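Asks: Mind looking over this structure? Questions follow.
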Amino acid sequence: MAKERLLVVTQHFWPENFRINDIVEGFLQDGLEVDVLCGLPNYPKGEWFDGYGPQGPWEEHFHGAQVFRAKEWPRKGNTSVNIFLNYVSWPLYAWSALDRLPGGYDAVFCFNTSPVLMCWPAIRYAKKHRIPFTNYVLDLWPENLYSVLPVQNRVLRSIAQGVSDWLYRRCDRLIAMSTPLQQRLCQRTGKPAQAVAAIPQYCEDFYAVPQHDPALEARFAGRFNLVFTGTFTPAQSLDFVLRAVLEARAAGAEGLHLLLVGDGMSRESLQALAQELQAGDAVTFYGSVPAAEVPKFTALADALLISLSDSPDLGLTVPGKLASYMAAGKPVVASMNGAGAEAVAESGGGLVSPACDVHALAENLLALYRIPAEQRAVLGARSKAYYEAHYRRAELLRRLETFILQGA
């Protein structure tokens, strides 16, 4: 019996650090044949990764998957102009690259982070070849756009809304990462509930295995380490987090230390704010690390921080990092609204405060700082149990495959 063939469309792919890399590995391990249409790696700094540039390479292999790359305008310093050009360039180049694909696919799947436009070439291919197309909506547009680019012009916002809704309606199937987002997509597209699945983002299994790095742990010993891992964008509102950390330290949490592991478009502004507030040793900007090394930092953490800006639309989503945090078995400090906050509260494995509420977050940090280590361990155990029940890779990967290929 011939293997089922799947075309994956995503602007961001290996060697960039996105969960689609592991999803593709999972598809391959489960016996699917996979081709990937993606961009040239330059995220998050906007600089070409070593070995890549305007001249390609255009074809590679990744764990048995054939990878086809299309051009894109690099983000180049993450200015508004370059992010816009990056958003619109790749879908156009990817559309022109569709003829390079060998074909014979049973379905098309898009891992749709920003921009929503990246699903357009996937829609074009699926419609032309009359095969089902499933779009995994990780960033809801145009709402997510406004958290990165402050578009105020009414005409431009109307265009963004219209384009986003048109693209979502053109998808045969949609996947949302939460039930509230599923309901919103049904309302916006008019699709029946059976065409829009709610499947949370899983995390890779290695996040559940602590990695103890003696040198790293010695470097940050003697402090209460509040660790954040991931990308720095306005959507995370890390400026509010930094102010809350300083407020908690002033209120008695002298050893509280914010360890930021990652990079992104907000890094320079955050560093400038830290200098302005004279944060000193209250915060460390560690920089990016490979995903497989993140457990070294969650292992040394006393608590793990997750935050989102005060937007009702962002509250529809559950960030993928929440699964990896819970897998680490550490208390979670959440500064956010909506589905993500509800998951942390339901787990009993952390403390939750409203998005962008500096004082409430500072109070939670101070409370967690003061409780005995044994009580924090209990919170961590509850987080791990919630991960085991809701975010295991094997189960969620199976659900993805079934919905993409069978629509059920």
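The values are calculated or read from the model by the stated rules, or taken from the named source; none is laboratory data. No experiment lies behind these values; they were computed from the predicted model shown. Neighbour counts are summed over all protein chains in view; Cβ atoms, including those assigned to glycine, are modelled from backbone coordinates with ideal geometry. Protein only, heavy atoms only, side chains kept; ligands, DNA and RNA dropped before computing areas. Shrake-Rupley method; radii C 1.70, N 1.55, O 1.52, S 1.80 Å.
Asks: Within region 276-392, which helices (runs of 4 or more DSSP H) (wholly inside it) include 2 or more residues that are aliphatic (A, V, I, L, M) and under 23 Å from L242 (Cα atoms)?
Replies: In region 276-392, the matching helices (runs of 4 or more DSSP H) lie at 294-300, 321-327, 338-347, 358-370.
Asks: If you take the residues of region 126-145 that are modelled with pLDDT of 95 or more and open to solvent by 10 Å² or more (accessible area, probe 1.4 Å), which of them is nearest to S96 (Cα to Cα)?
Replies: K128
Asks: Quick check on my filter: what residues within region 41-89 are farther than 26 Å from L145 by Cα and touching a Cys at 6+ places or on another chain (Cβ under 8 Å)?
Replies: Answer for region 41-89, where residues must be farther than 26 Å from L145 by Cα and touching a Cys at 6+ places or on another chain (Cβ under 8 Å): V67, F68.
Asks: Quick one: D281 ticks every box in (1) farther than 20 Å from N17 by Cα; (2) buried (at least 18 other Cβ atoms within 10 Å of the Cβ) bar one, so which box is it?
Replies: (2)
Asks: Okay, next question. State the number of residues belonging to region 54-82 that are within 11 Å of G39 (Cα to Cα), within 24 Å of the chain's Cα centre (by Cα) and either among the β-branched types (V, I, T) or open to solvent by 20 Å² or more (accessible area, probe 1.4 Å) (or both).
Replies: Number satisfying all stated conditions: 3.
Asks: Within region 110-124, how many residues are farther than 20 Å from T317 by Cα, open to solvent by less than 10 Å² (accessible area, probe 1.4 Å) and not β-branched (V, I, T)?
Replies: 2
Asks: Let me ask you something else. State yes or no: is D239 in a helix (DSSP H, G or I), open to solvent by 20 Å² or more (accessible area, probe 1.4 Å) and either of a type outside the set (G, A, S) or farther than 28 Å from P150 by Cα (or both)?
Replies: Judged against the criteria, D239 is a match.
Asks: With the condition kept exactly as written, say whether any residue in region 243-256 is open to solvent by 30 Å² or more (accessible area, probe 1.4 Å), in a loop (DSSP other than H, G, I, E, B) and not acidic (D, E).
Replies: yes
Asks: Among the residues of region 329-349, count how many are open to solvent by 20 Å² or more (accessible area, probe 1.4 Å) and touching a residue at least 24 places away in the same chain (Cβ under 8 Å).
Replies: 6
Asks: From (1) more than 19 Å from V67 (Cβ to Cβ); (2) touching a residue at least 12 places away in the same chain (Cβ under 8 Å); (3) surrounded by fewer than 22 Cβ atoms within 10 Å (Cβ to Cβ); (4) out of contact with any Pro (no Cβ under 8 Å at 6 or more places or on another chain), pick out the condition that doesn't hold for L92.
Replies: Evaluating L92 over (1) more than 19 Å from V67 (Cβ to Cβ); (2) touching a residue at least 12 places away in the same chain (Cβ under 8 Å); (3) surrounded by fewer than 22 Cβ atoms within 10 Å (Cβ to Cβ); (4) out of contact with any Pro (no Cβ under 8 Å at 6 or more places or on another chain) leaves (2) as the failure.
Asks: For region 64-94, give me the residue count where each residue is more than 22 Å from M265 (Cα to Cα) and modelled with pLDDT under 95.
Replies: 1
Asks: Considering region 357-408 alone, what residues qualify as being surrounded by fewer than 17 Cβ atoms within 10 Å (Cβ to Cβ), among the polar types (S, T, N, Q) and more than 21 Å from D30 (Cβ to Cβ)?
Replies: Scanning region 357-408 gives a single hit, Q375.
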